[in-house]
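One structure is given below, encoded as C-alpha cells.
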Number of protein chains: 2
Amino acid sequence: MKDISMMNILPIEELHTRVAEVVDLSQASAVLGWDQETMMPKKGARFRATQQATLQGLLHERFTQPRIGRLLSILEEPTSFNALSPTDQAMIKTTRRDYDRATKLPASLVRDLAMATTEGVEAWRIARRESRWEQFAPYLRRIVDLKRQEAACIGYKDVPYDALLDEYEPGATTAQLAELFTHLRSETVTLLRRIASTGRQPDRSVLEQEYDPAKQLAFTELVLRQMGFDFEAGRQDLSTHPFTTSFGPTDVRITTRVDDHDLQVALYASIHEGGHALYDQGLPVDLVRTGVGASVSLGIHESQSRLWENFIGRSLPFWQFVLPRLREIFPVQTGTATPEMFVGAVNRVDRSLIRVEADEVTYNLHIILRFEIERRLIGGEIDVDDLPALWNQRSQEYLGITPPNDRLGVLQDTHWASGLIGYFPTYSLGNLYAAQLWATLRREVPDLDERLAAGDFQIVLSWLRERIHQHGRIYQPAELIERATGEKPRPDYLIKYLNEKYGKIYGF
Amino acid sequence: MKDISMMNILPIEELHTRVAEVVDLSQASAVLGWDQETMMPKKGARFRATQQATLQGLLHERFTQPRIGRLLSILEEPTSFNALSPTDQAMIKTTRRDYDRATKLPASLVRDLAMATTEGVEAWRIARRESRWEQFAPYLRRIVDLKRQEAACIGYKDVPYDALLDEYEPGATTAQLAELFTHLRSETVTLLRRIASTGRQPDRSVLEQEYDPAKQLAFTELVLRQMGFDFEAGRQDLSTHPFTTSFGPTDVRITTRVDDHDLQVALYASIHEGGHALYDQGLPVDLVRTGVGASVSLGIHESQSRLWENFIGRSLPFWQFVLPRLREIFPVQTGTATPEMFVGAVNRVDRSLIRVEADEVTYNLHIILRFEIERRLIGGEIDVDDLPALWNQRSQEYLGITPPNDRLGVLQDTHWASGLIGYFPTYSLGNLYAAQLWATLRREVPDLDERLAAGDFQIVLSWLRERIHQHGRIYQPAELIERATGEKPRPDYLIKYLNEKYGKIYGF
C-alpha cells in the first residue's frame, strides 16, 4: 500500500497490484450491498450510505489515477505486449476498456448524472404512483440530455446509442441489435397470434395452492444443489427483489422471494438467480484480481439465468425429474398432477402489461418495444413528450393490448429514471444467446432430455463451464458465443425453440 | 474525493472530511468482519482476506498522510484551537492521539509484528494442542521483543508497559493498575477461601436440562428488548464465539451461542453482548464521523457488558422479573423453581483453571495473574522461560489450584500469541468500573431493586446513556468514571459488592 510507483518493479507487476486493489474494493462494496438488501436493520441505512459513497469514491479515484493510463500505454507497446502471457494481455485489454470509460467522463458530468438520476428516481416514484407522466417527463428529458453527453464523451462509430449499449454489452451495436430484434419481433407477434387463436389456456390451479414457505425454500435448495450450486461457495437468502451478487467465484450469493400461494414464484426466482450464480461460481478464480475473471456482459449473464430458468426449468424433463421430489415435500398439493400439467402451468402465455410478470414469449416484445423507443430517444428522432402515445401504440401493435394508464405502461420500469439506457436489450440478447447455446448443447448431447429427466444437470453445467464460464472477460460477448456455438449470434434458434415448445403446449 | 488540499476550504473542514473517510472505511471493514463470522460460506475466506487487507491498507495509508499531521498542527495552535467548538476540540484531541499512535511505528515494525503474530498464533495453536510450551516459547520471545520496540516508539513516562496499556485504556498506567489490582487480589483470595470454607454449592440442575435452541433464542430476544436493545438499529445472530460489532450507533450487531443442555450459555452471552451493544447504540450519532462518537476504551466497554451481565443479569430482581416469562416458554423445565434457585445456579463459584469459564469472583484472579506476568515480561524482569512455573505457582497461590499441564495453564489464551499485551487488565478494569457505576446508580435510585423486579430496565439504560454513552471519546476513561460517579476509579466498590452478594448466596 506504499507508493508502489517509487519501487523498482516491472510495469506489469505494478498494474497487477493496482488493478487487484480496485477489484478488492469493488468486492467489498458488493458485500455491503448484499448486507443492505438482506440483513441490515432499518436504521443502518444512515451510515451505509456514507460507507458506500466513500468506497465508491476511493474506487473511482484509485482506478482513474493517471499512473494506470501510463502503465497501460507502456504495456500496450507491441514489443512489451507481445512478450506478455495471454492472460496478462487480456488484463491489459479489459483494463484499457474500463479505464477509458472511467476517465472519459468529466467529473462534472458524473456528478450531474448522479444528481439527475437520484432526483429522477424520486420523481418517477411519485409519477408512477399517481400515473402522471408529465411529472416525470422533465426529469427524463434532463437524463436523456446527459446520457447524450455521456455518449459523446465515450465516443462511437455510428450512432450515440452505441456508446451506451457498449457499457452493458461490449461490442454490441444498434444496427446489429435492430436486425436481430426486427426478425424476432415479427416472428413472435405471429407466434403470439397463433397461441391466442387456439383459445386454449393451461390450468394453473396446481401452482396456486397453499405451499408452506419454509418447505418451498427447502425445495429450491434441493433444485439448486441438483443444478450444481456450491453452497460452500455461496448461500441463498430472502429479499424483496431477487438478485445475485458475487465477491469472487468462491462467494456468490443469491436471493429469492416466496409466495405462499404460488409455487412458481420462489422456484423460478431461485433457478434464475441460480443460473446467474453458476456463471459467477465458474469464473476463472486465478484471474479474479486481474479484472479478467469477471462476467463479460449483461447479455451473457442473462443467457445463463434464462437457460436454467426457461430452457431447463420450464421443460418436461425437468418436471419429470423434480416432481417426485416435490411430491415428497408437498404430497397433498401435488396429488395426481403429472409433469405435463406442471409444464403447461408454468408456461402459460398471457398478453400482459407488465414486463417483469411476462412469460417467455411476450417478454421479448416488452424489451423490443423499449429498445425501439430508447434508441430513437437518444438518436433525437423522438421527444420525451412522444413516449406515452408511442408506448401505447406499440403495445397494441406487438402485444395486442393497450395500457389503461401510464402507470401500467410507460411508467412501469425504473431503468430510465436510473439512467440505465441501453440496458434493456441485454435481457433479450440473453434469450437469444441462451437459445443458441441450448441448440448447440442439444446437438452435441443427443440424449440430453433423458439425462435431464434422470437429474443429470451436471452435463449442462460442465458444458457451460467449458464454453462460457471459464473464459471470464477474455473474449467479447459475440465472439464468445461464436466460439461456443460455431456461429455468430442469430435470432432463428430462439424463434424455432419458441415455436416448437409452444406448439406442443398449445397444440398446433 | 478529489484532492481536497487544493480546494479553498478551512483546515477544520478538511480535517472533518479526511477523518470521516477513515471512519467510513473502518465501518466498511467491520461489516466484512461481521459477515465473515456469521454469514460467509466456507470458501469465501479466500477473497475476504484480500478484501480486508486492501481496506486495512487503505485505511492506514489515508490516515497516516502527513497532511493530517499538518492540519492537526495548524488547528492545535491556541488561537485556532480556542475558536473551535467543544466537539471540534474533542476531534482534534482524539485524532492527534490516534494519528500519533498510527505514525510513530515504522512500517518495518508493523510488518514484523504482523508476521510474528501470524506465525505466533499458528505456533500457539499447535503448542496448546500438544501442551508443549517449548514449541511456543521462541515465538513469544520474538513477539515480546517487538512489543518492547513498539513501546519504545510510542513512548512512555514511567515503564514500557504503560505504552502498551494505553492502546486499550487511554491514560491508564501500570502503577495505577498495580495499586487497584493488589487490593482486589488479596480481598478476592480471602473471599474465595470463605466461600470454599462453607462447603456449600448451589444446585445447577435447573439450568442443565434440555432447552430448545429456537425457544432459547426467542427468550434472549425478549430479554434484549427489555434491556432496551433497538432491533431496528441492530440484530442478533449466531457465531462460535459471541461478539459485538458496530457500523455506527444505528447498526450494532451482536452474536450469541446456544447450548441446548445449558440455559446459562445463550442467556448470559446475549446479555453480555447486549450490554456492549447498548453502549454502541447510545454513542453520539452526530459525532460518529468525527471519530469522537466511538467507545472510549476497552475497560469502559467491558464495564457496560459486565454491569448488565453480572450486576443485573445475575441478580435476584432480574430473576424475579424474568422467571415468569421464562416459565411461559419452558413450563416443564422451570417447574417450581424459584428466582432464588436461579440466582444460586448462575452464581456458583468454582476454583477453575480456564479464564473464559470463570465465575464473577475468580475471574479477576485469572486476569491479575496475567497482568502481573505480562508487565514483568515487558519490563524485562522475567524471561519467557519463567512463565510456566510462574503461572502454576501463582495459580496455586491465588486460585488454590495448579494446572495439570500447560494446555490448561499458561497456553490457554490466544492474546499473547496475537500480540495483545496490555489487553487483559481491561477485563478487570471493566468489573471495577461496573461496580463503581452500580454503587452510584443504587445510591441515586434507592428503589432500584423494586424497579428491576418490575422489569423497569429503562432506568438503568437512561442513566448509563447520560453518564457514559453520550460522551463517546470526549473524556479519558478515568475522567469519565469520575464524572459519572464523583470519584476516581477505586477497588472497594467491587470488593464490597462481591462480599455482600456471595455472603448471601453462600450464607456467611
Report summary line: Copies of B:Arg442 compared via label points 7 Å along Cα→Cβ give distances in nm, shortest first, of 8.1
Query raised in the report: Sorted from shortest, what are the nm distances separating the label point of A:Glu208 from equivalent points in the other copies, each placed 7 Å from Cα along Cα to C-beta?
Result: 5.9
Query raised in the report: Do the alpha carbons of any pairs in B:Lys215/B:Lys501; A:Lys42/B:Lys215; A:Lys215/A:Lys496; A:Lys215/B:Lys215; A:Lys93/A:Lys496 sit beyond 32 Å of each other, and which pairs?
Result: A:Lys215/A:Lys496; A:Lys93/A:Lys496
Report summary line: So the FRET efficiency between B:Ser108 and B:Ser205, C-beta based with R0 = 60 Å and rounded to 0.05, is 0.55
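Do you know the relative contact order of the stretch B:4-154, to the nearest whole percent, from alpha carbon pairs under 8 angstrom that are 6+ apart?
For the stretch B:4-154, the relative contact order is 21 percent.
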Query raised in the report: What number comes out for the charge environment of B:Gly472, summing +1 per Lys or Arg and -1 per Asp or Glu over other residues with Cβ under 11 Å away?
Result: -1
Query raised in the report: Taking square-rooted eigenvalues a ≥ b ≥ c of the alpha carbon gyration tensor, is the protein assembly as shown rounded, prolate or oblate, where a/c under 1.5 means rounded and, failing that, a/b exceeding b/c means prolate?
Result: prolate
Query raised in the report: Can you give the calculated 222 nm mean residue ellipticity of chain A, where each DSSP H run of n ≥ 4 adds -39,500 (n - 2.57) and the sum is split over every residue, rounded to the nearest 500 deg cm²/dmol?
Result: -20500 deg cm²/dmol
**Report entry** Exposure proxy order (Cβ contacts within 10 Å, fewest to most) of B:Phe231, A:Phe47
**Finding:** B:Phe231, A:Phe47
Query - Neighbouring partner chain Cβ atoms per residue of B:225-237, average, 10 Å criterion - result: 2
Query raised in the report: What nm distances, shortest first, do you get from the label point of A:Glu381 to those in the other copies when the point sits 7 angstrom along Cα to Cβ?
Result: 8.8
Query raised in the report: With contacts defined as alpha carbon pairs under 8 Å and 6 or more residues apart, what's the relative contact order of chain B in percent?
Result: 20 percent
Report task. Work out, in µm²/s and without decimals, the Stokes-Einstein translational diffusion coefficient of the stretch B:4-154 at 20 °C, 1.002 mPa s, Rh from Kirkwood over C-alpha pairs. Result -> 117 µm²/s
Report summary line: Here the net charge surrounding A:Ala389, from other residues whose Cβ is less than 12 Å away from its Cβ (Lys, Arg +1; Asp, Glu -1), is -3
Report summary line: Straight-line reach check, A:Lys504, cutoff 13 Å on alpha carbons, 8 or more apart in-chain or any other chain, hits among aspartates and glutamates -> A:Glu340
Query raised in the report: Once both labels are modelled 7 Å past Cα along the beta-carbon direction, what's the A:Arg101-B:Thr402 spacing in nm?
Result: 7.1 nm
Requested in this report: Counting other beta carbons within 10 Å of each Cβ, put B:Lys104, A:Lys147 in order, fewest first.
Outcome: B:Lys104, A:Lys147
Query - Backbone HN-Hα couplings from phi across the stretch A:481-497 [Karplus 6.51/-1.76/1.60, Hz, Gly and Pro as x] - result: 5, 5, 5, 6, 10, x, 9, 5, x, 9, x, 5, 5, 5, 4, 5, 4
Report summary line: Checking rank on B:117-124, B:410-417, with mean other Cβ inside 10 Å and highest first, the result is B:410-417, B:117-124
Report task. Evaluate E = 1/(1 + (r/R0)^6) for B:Ile459 and B:Ala389, where r is the Cβ-Cβ distance and R0 equals 45 Å; express this FRET efficiency to the nearest 0.05. Result -> 0.35
Report summary line: When B:Ser315, A:Ser108 are ranked with the fewest other C-beta atoms within 10 Å first, the list becomes A:Ser108, B:Ser315
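Bear in mind these aren't lab numbers, they're just calculated from the coordinates by the rules spelled out. Computed from a predicted model, the values in this text were never measured in an experiment. Every residue, glycine as well, gets a Cβ built from its backbone with ideal geometry; the counts of neighbours run over all protein chains shown.
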